[in-house]
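What follows is a single structure, written as C-alpha cells, with notes after it.
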Ligand code: FAD
C-alpha cells in the first residue's frame, strides 16, 4: 500500500464520495480534477452514478476507468437494471468486471421518462436484489473455480472450499421510505431481500434529521440485517441545491434550513450554512453509531472536503 499522504483525513470512521459522469465532454477535465482532489483525502471508495436506461453507460465506465488508472482509491460503479433484458444486464456487468471494477451499487433504477411504475418496459430484472444476484453469478462464471483443500475434518474425507475474489455490492436504503413503498416495514423487507441476494453494504437516500437514519438502522438491525448501512449526506450549499435535493429524494422541505438559506444574501454565507448543517448531521450520526459516511460531492471537492476537515 502506498504511504499515507499528508492530505489524507481521519474522521474516526470510513468515508466515501459520490460523483456523476460529466454531462458533456467539456466538463470531463473539471471532474477528473475533482476526483484527484477527493482521492487525496483517503476515501474508502468513490462511487459513480449511472444514468437510467443505459444512457450513460460509457460515461460511467470512462469515469470509473479514470479512477482505476489515476488513483489508489476503489471506484464503485452504480448499475441499474431497469429496461434491460437479462442478456443486456449480463453484458453490462461483464463489461465493468472486465474493466477491473470490484465494487458496485446495484440499483433497480427509476422508470424512464414518460413511463410508469408497473409497466412492462421495466425489463427482465425486477429489482436491485435480482441485479445483486446477477453480479455474483457473472463474477462466478468469469472466475474459474479455485478449490483449496482444507484440513481433514474426519478420517478419510477432505473438504474442498471455493475461494473467489471478493466483490463488494452495495444497495440503496431509504430511511424515510422509497416513494413507491407501501409501508416502512416494506423498506426493511426489501433491504433484507437485498442482503439475502448477496449485498454487503447499503447506502442511504438523503435525509435531513439524524433520527431518520438512526431509527431506521435500529429497526433494520432488529429485523436481522447485518450489513452496514452508510448514511448519505449532501452539503446543501444553496437554495438551488436544496430544491434539487428535495427533487431527488422526495423528502419534505425542512423549513428551518430553507429559511436560513433564503435569507442569507451571500454565496459564501449560504455555503457556510450548508457545510455546517452537514457537519452537525454527520457528528450526530457518527455519535449514534453510523459505521461511516457517504458524501454526495455534486462534482465539487471544496464543500465535502471542508465537511471532513471539520469532523477531524
Ligand atoms: P429496489 O429496492 O429494487 O426497489 C424498487 C421497487 O420495488 C420499490 O418500490 C420497492 O419497494 C419494490 N421492491 C423491491 N424489492 C421488492 C420485493 N422483494 N417485494 C416487493 N417489492 C419490492 N438511480 C439511477 O438511475 N442511477 C444511479 O446511479 C442511482 N444512484 C442511487 C444511489 C443511492 C444511494 C440511492 C439511494 C438511489 C440511487 N438511485 C439511482 C435511485 C434508484 O434507482 C431509485 O430509487 C429506484 O426507484 C429504486 O431503485 P432501488 O435499487 O432502490 O430498487
Practice problem: Looking only at region 213-249, count how many residues are at pLDDT 95 or above and not in a loop (DSSP other than H, G, I, E, B). | Solution: 14
Quiz item: Restricting to region 202-211, what's the tally of residues that are modelled with pLDDT of 95 or more and surrounded by fewer than 19 Cβ atoms within 10 Å (Cβ to Cβ)?
Solution: 1
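Quick test for you: out of 249, 301, pick the one residue that is more than 16 Å from residue 206 (Cβ to Cβ) and either touching a residue at least 24 places away in the same chain (Cβ under 8 Å) or surrounded by 14 or more Cβ atoms within 10 Å (Cβ to Cβ) (or both).
Working: 249 fails: more than 16 Å from residue 206 (Cβ to Cβ).
On inspection, the qualifying residue turns out to be 301.
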Quiz item: If we scan region 225-232, do we find a residue that is over 30 Å from residue 140 (Cβ atoms), within 11 Å of the ligand (Cβ to nearest atom) and surrounded by 14 or more Cβ atoms within 10 Å (Cβ to Cβ)?
Solution: yes
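Looking only at region 188-201, which residues are surrounded by fewer than 22 Cβ atoms within 10 Å (Cβ to Cβ), over 10 Å from residue 226 (Cα atoms) and either more than 8 Å from the ligand (Cβ to nearest atom) or at pLDDT below 95 (or both)? Before the answer, list the steps.
Taking region 188-201 as the starting set, the residues that turn out to be surrounded by fewer than 22 Cβ atoms within 10 Å (Cβ to Cβ) are 188-190, 192-193, 195-198, 200.
Then keep just the ones that are over 10 Å from residue 226 (Cα atoms); that gives 188-190, 193, 196-198.
Within region 188-201, 188, 196, 197, 198 meet the criteria.
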Quiz item: Can you tell me how many residues in region 13-28 are modelled with pLDDT of 95 or more, more than 15 Å from the ligand (Cβ to nearest atom) and either out of contact with any helix residue (DSSP H, G or I) (no Cβ under 7 Å at 6 or more places or on another chain) or under 15 Å from residue 70 (Cα atoms) (or both)?
Solution: 1
Quiz item: Which residue out of 178, 136 is within 20 Å of residue 196 (Cβ to Cβ), surrounded by 15 or more Cβ atoms within 10 Å (Cβ to Cβ), more than 15 Å from the ligand (Cβ to nearest atom) and at pLDDT 85 or above?
Solution: 136
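If I filter region 194-206 for residues that are under 21 Å from residue 285 (Cα atoms), assigned to a helix (DSSP H, G or I) and free of Cβ contacts under 8 Å to residues at least 60 places away in the same chain, do I get at least one hit?
Kept after step one, since they are under 21 Å from residue 285 (Cα atoms), are these residues of region 194-206: 200-206.
Narrowing further to those that are assigned to a helix (DSSP H, G or I): none.
There is no residue in region 194-206 that is under 21 Å from residue 285 (Cα atoms), assigned to a helix (DSSP H, G or I) and free of Cβ contacts under 8 Å to residues at least 60 places away in the same chain.
Okay, residues lined up against (1) more than 21 Å from residue 193 (Cα to Cα); (2) within 14 Å of the ligand (Cβ to nearest atom):
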residue: 48; (1), (2): yes, yes
residue: 68; (1), (2): yes, no
residue: 75; (1), (2): yes, yes
residue: 92; (1), (2): yes, yes
residue: 99; (1), (2): yes, no
residue: 103; (1), (2): no, yes
residue: 113; (1), (2): yes, yes
residue: 116; (1), (2): yes, yes
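Okay, residues lined up against (1) surrounded by fewer than 20 Cβ atoms within 10 Å (Cβ to Cβ); (2) touching a helix residue (DSSP H, G or I) at 6+ places or on another chain (Cβ under 7 Å); (3) under 20 Å from residue 230 (Cβ atoms):
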site	(1), (2), (3)
43	no, no, yes
69	yes, no, no
73	no, yes, yes
80	no, yes, yes
91	yes, no, no
102	yes, no, yes
Exercise. Would you please list the contacts, defined by Cβ atoms under 8 Å and residues six or more apart or on different chains, that run from a residue in region 80-92 that is without any contact (Cβ under 8 Å) to a residue 24 or more places away in the chain and under 15 Å from residue 129 (Cα atoms) to a residue that is more than 12 Å from the ligand (Cβ to nearest atom) and not in a helix (DSSP H, G or I)?
Key: none
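Condition check ((1) at pLDDT 95 or above; (2) in contact with a strand residue (DSSP E or B) (Cβ under 9 Å, 6 or more places away or on another chain)) across all residues:
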position: 253; (1), (2): no, no
position: 258; (1), (2): no, no
position: 263; (1), (2): no, no
position: 271; (1), (2): yes, no
position: 283; (1), (2): yes, no
position: 286; (1), (2): yes, yes
position: 302; (1), (2): yes, no
position: 307; (1), (2): yes, yes
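Okay, residues lined up against (1) in a strand (DSSP E or B); (2) under 18 Å from the mean Cα position of the chain (by Cα); (3) modelled with pLDDT under 95:
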position	(1), (2), (3)
46	yes, yes, no
72	no, no, no
78	yes, yes, no
95	no, no, no
111	no, no, yes
116	no, no, yes
131	no, yes, no
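The values are calculated or read from the model by the stated rules, or taken from the named source; none is laboratory data. Just so it is clear, the structure is predicted and the values come from calculations on it, not from any experiment. Note that each Cβ is placed from the backbone with ideal geometry, even for glycine, and that neighbours are counted across all protein chains shown.
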